[in-house]
Amino acid sequence: MKRVKKRFVAGAKCPKCQAQDSIVLFKEQGVETVECVECDYREQQAEQQVAAKASGDVIGVFKP
């Protein structure tokens, strides 16, 4: 089983429990996933959705 490398997102707040610095970002089977370590919040986005959300306000999309 391959270990998934999870990275904390500095300064991010969980939209569900409002805990700060509790969001981790990782890729699971090619799908970008964010998850809160304090509650059960979890959100996933496919690559196309990430690219579509990138606008002029974003400097770049992080790709590990």
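Tabulated data
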{"quantity": "Difference of contour (0.36 nm per residue) and Cα-Cα distance, L25 to Q45", "calculated": "6.1 nm"}
{"quantity": "Cβ-defined net charge surrounding P15, 15 Å radius [Lys, Arg +1; Asp, Glu -1]", "calculated": "-2"}
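Taken together, the values in this text are just the output of simple stated rules run on the coordinates, not laboratory data. Not measured: the values here are computed from a predicted model. Positions of Cβ are generated from backbone atoms using ideal geometry, with glycine treated the same way; all protein chains shown enter the neighbour counts.
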